[in-house]
Amino acid sequence: MKIAENLYLVGSEQFGISHPLDCNCYLLDSGQTRTLIDTGLGPGVEDILQNIRNLGFAPESIRHIVITHSHIGHWGGANKLRERTGAVVWAPAGAEKAMQDVDSDRAIRVNFEFGRYPTGFVARPCRPDKPFSDADRIALDGVCLRAIRTGGHTPDSTCLLFENREWRGLFTGDVVFYGGRLGLTNLEGCSLAEYRRNIHKIADLRTDALFPGHGVFVLRRGEKHIQRAAHKLADLLMPPTFFEENELIWDREYLSMFNADTRSAAGKGTRETVDADR
Ligand SMILES: [Zn+2]
């Protein structure tokens with residue numbers, strides 16, 4: 001799905017274009033090569049690759065995969081996509097440990113306990129090829145992303161600023177969403193204090209477009225959504241969280257429908273139930 005000049009949405013739960021546990025996966029086109037921002041959980045990789053082909057791009061033209069933070073719903077497909085495309089996997093410094101030590105990830109453990117993952121799903125570790133740090137300018141074959149470490153959702157959460165002559169957009173992962181909602185969760189590493197400390201780093205970037213890791217994106221006035229989050233964080237009460245209202249992905253019955261689809265499709269050899277091998 002084309003969403004702006006040289007930018008496409010190729011994976012997403014809420015837009016219904018890949019697996020329901022996939023985050024928004026964005027494809028940036030530099031003209032010669034492509035960069036994928038986040039990969040989804042893994043079972044949606046074939047959908048994502050097909051979406052990319054449907055846009056007229058060869059999967060092999062993806063030379064870079066950039067991960068916004070260490071939650072597996074954002075990088076779980078990276079192994080398989082790296083194998084299929086030969087792309088380099090970039091991830092925030094500090095995310096490598098969580099991406100390789102999946103057994104200690106409470107989010108993964110709880111999702112297994114609550115029966116949310118597809119039948120046969122295996123959480124396999126991923127070793128990133130290249131780490132990036134706060135304030136790094138990541139040069140990707142004609143595309144430049146500015147890394148802005150914005151802890152709060154996770155300590156390694158990093159927003160990525162992209163600019164061209166027409167507009168500037170911020171890929172926010174799970175840091176901030178439409179309407180200024182935050183990525184607050186009941187997980188280790190999520191911190192209101194860190195949110196308060198870091199939100200100013202993205203509040204005054206004159207951001208036109210806001211590209212969050214889930215749900216609606218906006219092409220204009222993106223900064224207003226971030227400033228609303230900053231305003232809420234300056235107040236005394238708990239700010240609104242995106243995940244609280246995103247109920248379908250917490251619904252076992254809803255997800256089991258996709259498990260059934262996946263099982264029958266896999267029997268025809270069109271889709272895989274198990275995530276990428278290392
Ligand atoms: Zn997350």
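The values are calculated or read from the model by the stated rules, or taken from the named source; none is laboratory data. It should be emphasised that the depicted structure is a prediction, and the values quoted were computed from it without experimental measurement. Every residue, glycine among them, receives a Cβ derived from its backbone with ideal geometry; neighbour counts consider all protein chains shown.
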Open item on the list: Just to be sure I understand the filter: pairs with C-beta atoms under 9 Å, separated by 6 or more residues or on different chains, first member in the range 151-166 and without any contact (Cβ under 8 Å) to a residue 24 or more places away in the chain, second member more than 16 Å from the ligand (Cβ to nearest atom). Which pairs pass?
Closed with: E163/C144; E163/R146; E163/G169
Task: Pair list, Cβ under 7 Å, 6 or more apart: the range 70-91 residue closer than 18 Å to L160 by Cα and among the β-branched types (V, I, T), other residue more than 16 Å from the ligand (Cβ to nearest atom) and at pLDDT below 95 - done: none
Open item on the list: Return the pair list, or none, for Cβ contacts closer than 9 Å from residues in the range 9-22 that are at negative phi to residues that are among the basic types (K, R) and part of a loop (DSSP other than H, G, I, E, B), at least 6 apart or on different chains.
Closed with: L21/R116
Open item on the list: Given the condition within 21 Å of G183 (Cα to Cα) and β-branched (V, I, T), answer yes or no: does some residue in the range 39-49 qualify?
Closed with: yes
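Out of all the residues in the range 176-195, which are free of Cβ contacts under 8 Å to residues at least 40 places away in the same chain and more than 21 Å from G215 (Cβ to Cβ)? Talk me through it step by step, then tell me what you get.
Taking the range 176-195 as the starting set, the residues that turn out to be free of Cβ contacts under 8 Å to residues at least 40 places away in the same chain are 186, 189-190, 193.
Selection gives G189, A193.
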- [ ] Would you check which residues across the range 3-37 are more than 26 Å from F258 (Cα to Cα) and among the polar types (S, T, N, Q) and list them?
- [x] N6, S30, Q32, T33, T35
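If you take the residues in the range 204-232 that are of a type in the set (G, A, S) and under 30 Å from R106 (Cα atoms), which one is farthest from the ligand (Cβ to nearest atom)? Before you say what the answer is, go through the steps one by one.
So in the range 204-232, the residues of a type in the set (G, A, S) come out as 209, 213, 215, 222, 229-230.
With under 30 Å from R106 (Cα atoms) added as a condition, the list becomes 213, 215, 229-230.
Working: G213: 7, G215: 13, A229: 15, A230: 19 Å.
Checked the range 204-232; the qualifying residue farthest from the ligand (Cβ to nearest atom) is A230.
Answer with yes or no whether A123 is under 26 Å from A193 (Cα atoms) and either modelled with pLDDT of 95 or more or within 16 Å of the ligand (Cβ to nearest atom) (or both).
Details: under 26 Å from A193 (Cα atoms): no; either modelled with pLDDT of 95 or more or within 16 Å of the ligand (Cβ to nearest atom) (or both): yes.
The answer is no for A123.
Among the listed residues F217, F258, which satisfies the condition of being under 19 Å from the mean Cα position of the chain (by Cα) and of a type outside the set (A, V, I, L, M)? Break it down into steps so the answer makes sense when it comes.
Values: F258 fails: under 19 Å from the mean Cα position of the chain (by Cα).
Among F217, F258, only F217 is under 19 Å from the mean Cα position of the chain (by Cα) and of a type outside the set (A, V, I, L, M).
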